[in-house]
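One structure is given here, and the rest of the page talks about it.
The values are calculated or read from the model by the stated rules, or taken from the named source; none is laboratory data. Everything quoted here is computed from the prediction, not taken from an experiment. Please note: Cβ atoms are built from the backbone with ideal geometry, for glycine as well, and neighbour counts cover all protein chains shown.
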Amino acid sequence: MKGKWAVGIEPRQFAWVFRGSLAVSERPGGATAAHRRVRRDEEVLWLRHQGFTRVVSIMPLPQGPAGYADQGLSVASYALRPGPTQRQVLGACFRDIATATAAGEVVLLHDDEVSDRVLGVLAGYLVWSGRVTSRPSALAAVERLLRRSIGPEGRAIVLDLPSAEAAS
């Protein structure tokens with residue numbers, strides 16, 4: 001492979017949250033209905049060339065972990081669903097992101113698309129980790145960063161945060 005395709009293609013809706021440490025995008029390869037393996041392989045290749053070492057998925061069902069492993073990326077799946085287990089899943093996801101970034105890993109957080117769920121998880125992580133002191137500030141910061149408003153589903157995630165005892 002030669003030329004610009006040798007380093008893959010940037011995933012759709014890609015944005016750095018903390019440059020060189022944490023980013024978000026839609027699922028590499030596209031949303032489930034439009035998912036293409038060739039595109040996923042190209043996007044995962046791009047992630048590897050950008051220094052990413054870990055992919056954290058919040059999709060309700062884990063999909064395609066072998067594609068990440070083939071490119072040397074570790075993957076974690078946190079099946080985020082509204083309900084009684086949401087807080088525990090968020091806590092595990094947040095601890096994973098915090099541990100990985102503290103160890104110098106570069107992490108991509110994704111869902112099928114960059115939806116309210118991803119924005120809510122991101123805003124929740126900012127509060128949980130202590131990087132932002134209030135929920136309204138975190139919501140506003142994420143909305144500015146990704147240039148869109150967070151709807152009811154994302155706001156509900158921010159209201160249902162796990163305790164931050166592990167963030168310290």
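So here's what we get for this one:
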| read-out | value |
| --- | --- |
| Within the stretch 151-165, considering residues that are more than 18 Å from the chain's Cα centre (by Cα) and part of a helix (DSSP H, G or I), the one farthest from residue 124 (Cα to Cα) | 152 |
| Number of the condition not met by residue 148 [criteria: (1) over 16 Å from residue 81 (Cα atoms); (2) among the basic types (Lys, Arg); (3) part of a helix (DSSP H, G or I)] | (3) |
| Checking residue 143 against (1) touching a helix residue (DSSP H, G or I) at 6+ places or on another chain (Cβ under 7 Å); (2) surrounded by fewer than 16 Cβ atoms within 10 Å (Cβ to Cβ); (3) closer than 16 Å to residue 23 by Cα, the condition it does not meet | (1) |
| From the options 147, 155, 135, residue that is of a type in the set (Lys, Arg) and without any contact (Cβ under 8 Å) to a residue 24 or more places away in the chain | 147 |
| Checking residue 113 against (1) at pLDDT 95 or above; (2) out of contact with any helix residue (DSSP H, G or I) (no Cβ under 8 Å at 6 or more places or on another chain); (3) within 20 Å of residue 16 (Cβ to Cβ), the condition it does not meet | (1) |
| All positions within the stretch 15-29 that are in contact (Cβ under 8 Å) with a residue 60 or more places away in the chain and either assigned to a strand (DSSP E or B) or acidic (Asp, Glu) (or both) | 15, 17, 18, 22, 23, 24, 25, 26 |
| Tally of residues being assigned to a helix (DSSP H, G or I), within 18 Å of residue 11 (Cα to Cα) and touching an Asp or Glu at 6+ places or on another chain (Cβ under 9 Å) across the stretch 66-115 | 1 |
| Any chance residue 131 is part of a helix (DSSP H, G or I), among the basic types (Lys, Arg), over 15 Å from the mean Cα position of the chain (by Cα) and more than 22 Å from residue 29 (Cα to Cα) | no |
| Any hit, the stretch 17-24, residues being of a type in the set (D, E, K, R) and either buried (at least 18 other Cβ atoms within 10 Å of the Cβ) or at pLDDT below 80 (or both) | no |
